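Q: The structure's right below; bear with me while I get my questions together.
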Amino acid sequence: MLQRLAVLLRRPAAAPLAAAAVRCVSTGSMHITAPLNFWAGKRRTGEGKSNMENVYEPATGRVLCNLETCGAADVDQAVKAAMSAFGHWSKMSGMERGRVMIEAAHIIEKRREEIAEMEVVNNGKCITEARLDVDSARLCTEYYAGLASTLAGQHIQLPGGSFAYTRREPLGVCVGIGAWNYPFQIAAWKSAPALACGNSMVFKPSPVTPVTAVLLAEIYAQAGAPEGLFNVVQGSQETGSLLCHHPDVAKVSFTGSVQTGKKIMEMASKGVKPVTLELGGKSPLLIFQDSDLENAVRGALMANFLSQGQVCSNGTRVFVQKEILPEFVDEVVKRTQAIKIGDPLLESTRMGALVSRPHLDKVLAFVEQAKKEGATVLCGGEAFVPSDPKLKGGYYMTPCVLANCTDDMTCVKEEIFGPVMSVLSFETEEEVLLRANDSTMGLAAGIFTRDVRRAHRVVEHLKAGSCFINNYNITPVEVPFGGFKMSGIGRENGQVTIEYYSQLKTVFVEMGDVDSLF
């Protein structure tokens, strides 16, 4: 989920080199001991006996820190802190809230390299991508800071001089539950619109990647947010359940798997709480014979190998019109084999480590299953051991391209969430549309063609919430992002997200006498 690269890389030319020259950490050198929970304005340790879970550095496989998970008393304290902050924050003008958020965006910009390095250490993605994720978080914060002062209702004139008006009001304490593939970015994507609308938030990161959300909490506090406005509680399913069931929580926004999203929705329904769900995908990418082949190849690589393939919107079902299939496959395989795998903190690395050992094993098992079902491995799909001794315990694999795939194969039907591209051939537009839409999920879809009429005709019939024409996996914060079908409910980013973090109140004003039947 990258912003358009040309925009994000429009920075002073010396910035990346300077940042690399003064790198604060190196792979395998960090051990975190500071508390990762944060509420009421500072880092916290839990009350009573807390469970401790190991957190690993994907690049090396070593223990990065011990995570203290939050129980009922801790969650209650965080929610109470958020309620207290909400009372003050919701009464501030949109301009005042926007001023705090703009300051937070400036701090994110100043700490860009530090945050990106921490993201790499905890998540395993390469430093180049991590910087872009931090930029996306900053841009999102800036965008909603600008929208904060524009929130307004409507005036409706009624007969006899009477009138009505609407007020857009905040919900209260919102809960954000993040995923492990974009830890810092997701924390910003959820908190920025919530805070712009006057809400407060309690955020729970994935227990696999708990490190950077607390940095965002400190940044908001440093920017002048009231204590308790953005809080971080760490934990797994139990902590998430406590948040969803808490009576003082007004809304839950979740990013993650379809299975967990269903559970979140069920728990929230007991309190009739609105939810935003950004869930999984098995998205199609359609490449027609009239495509610009160079751009189509680039798009396919971007649609499958960003963040080691661990992107919910990835276009992993690559449908290629049969006339150009051989040429397309040859070029994709050549470029896939050239992807440099290794230390994610090195500037030259383009693919780092997968997020955990169990997840690596799961992705490799998908490749083995594909082979058993008749798919051909054109390249990759194997565990990879870098030459650097300190990386030998890391969670690496070679990016994989599968050919001779059919629609009924497991690799085509199920979300793998790893660097595995499944290539399928098609003959006609009508045929490929039926096959592309044959999924329970509908997060994203893409098409490459020079025919502008075909492009818009095909997009109209694709059952997906985020569609791309002649590009893939670009997510400007000004544009709504979200899915159809089992890929989720609601949207993130764009103006429309304001509606998901606010509620509408209607006020009737009578200017004459009451016309009563009694």
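Q: Got a number for carbon plus sulfur as a percent of the stretch 420-518's accessible area, 1.4 Å probe?
A: Here carbon and sulfur together make up 54 percent of the probe-accessible area.
Q: How much net charge surrounds Cys65 when only the other residues with a Cβ under 14 Å from the Cβ of Cys65 are counted, with Lys and Arg +1 and Asp and Glu -1?
A: -1
Q: Under a 1.4 Å probe, what is the accessible area of the stretch 118-258 per residue, stated in Å²?
A: Averaged over the residues of the stretch 118-258, the accessible area is 25 Å².
Q: So, counting K/R as plus one and D/E as minus one, what does the shell of residues with Cβ under 10 Å around Cys197 add up to?
A: Values: positive: Arg97, Arg168; negative: Glu169, Glu499.
The answer is 0.
Q: Taking only protein heavy atoms and a 1.4 Å probe, what accessible area per residue, in Å², does the stretch 334-430 have with all protein chains in place?
A: 44
Q: Determine which aspartates and glutamates satisfy two conditions relative to Lys270: a Cα distance under 12 Å, and not lying fewer than 8 residues away in the same chain.
A: none
Q: Follow-up question, since we're still on this one. Summarise the accessible area of the stretch 91-217 (1.4 Å probe, protein heavy atoms) by the percent that is carbon and sulfur.
A: 57
Q: Between Glu266 and Glu373, how high is the FRET efficiency from 1/(1 + (r/R0)^6) when r is the Cβ-Cβ distance and R₀ = 30 Å? Nearest 0.05.
A: For Glu266 and Glu373, the calculated efficiency is 0.35.
Q: Using alpha carbons only, how many degrees (0 to 90, rounded to 10) separate the axis of helix 112-123 from the longest principal axis of the chain?
A: Tilt relative to the chain: about 60 degrees.
Q: Also, quick follow-up: Can you list the residues of the stretch 244-269 with backbone N under 17 Å from a point 7 Å past the Cα of Asp76, pointing along Cα to Cβ?
A: 244-249
Q: With labels modelled as points extended 7 Å from the Cα through the Cβ direction, what inter-label distance (nm, one decimal) is found for Asn470 paired with Tyr165?
A: 4.7
Q: I'd like the FRET efficiency for Lys390 and Asn66, computed as 1/(1 + (r/R0)^6) with the beta carbon distance as r and R0 of 30 Å, rounded to 0.05.
A: Approximately 0.90, to the nearest 0.05.
Q: Once the piece of chain linking Glu327 and His155 is laid out straight, how much longer is it, given 0.36 nm per residue of separation minus the C-alpha distance between them?
A: 56.0 nm
Q: I need the peptides 500-512, 417-429, 88-100 ranked by packing, meaning the mean over residues of other C-beta atoms within 10 angstrom, with the highest value on top.
A: Final packing ranking: 417-429, 88-100, 500-512.
Q: Would you mind classifying the chain by shape? Square roots of the alpha carbon gyration tensor eigenvalues, ordered a ≥ b ≥ c; an a/c under 1.5 is rounded, otherwise it is prolate if a/b is larger than b/c and oblate if not.
A: Working: a/c = 1.86, a/b = 1.29, b/c = 1.44.
Oblate, since a/c reaches 1.5 and b/c is not below a/b.
Q: Would you mind putting 243-251, 323-331, 384-392 in packing order, based on average other-beta-carbon counts within 10 Å, highest first?
A: In decreasing order of mean packing, 243-251, 323-331, 384-392 become 243-251, 323-331, 384-392.
Q: So, one more: Calculate the spin-label point distance for Met511 paired with Asp451, positioning each point 7 Å from the Cα along the beta-carbon direction, and give it in nanometres.
A: Using points 7 Å along Cα→Cβ, the separation is 5.8 nm.
Q: So, one more: Restricting to lysine pairs 8 or more places apart or on different chains, what number in the stretch 40-150 have Cα atoms under 27 Å apart?
A: Details: Lys42/Lys80; Lys42/Lys91; Lys42/Lys110; Lys49/Lys80; Lys80/Lys91; Lys110/Lys125.
Taking the Cα cut-off of 27 Å, the pair count is 6.
Q: Sticking with this one: Please compute the modelled spin-label separation between Glu109 and Glu499, points set 7 Å along Cα→Cβ, answer in nm with one decimal.
A: The answer from the label model is 3.2 nm.
Q: When we measure straight from the Cα of Lys262, which aspartates and glutamates land under 19 angstrom away, once same-chain ones fewer than 8 places off are left out?
A: Counting by Cα, and skipping residues close in sequence, Lys262 has these aspartates and glutamates nearby: Glu238, Glu278, Glu414, Glu415, Glu492.
Q: Mind giving me the FRET efficiency for Asp292 and Asp407? R0 is 22 Å, r the Cβ-Cβ distance, nearest 0.05 is fine.
A: 0.25
Q: Shifting gears a bit: So how far, in whole Å, is the C-alpha centre of the stretch 184-203 from the one of the stretch 210-263?
A: Each part reduced to its Cα centre gives a spacing of 9 Å.
The values are calculated or read from the model by the stated rules, or taken from the named source; none is laboratory data. Quantities reported herein were computed from a predicted structural model and do not represent experimental measurements. Here the Cβ is made from the backbone with ideal geometry for all residues, glycine too, and neighbour counts use every protein chain on show. We work out accessible area using only protein heavy atoms, side chains counted, and drop any ligands, DNA or RNA first. Shrake-Rupley method; radii C 1.70, N 1.55, O 1.52, S 1.80 Å.
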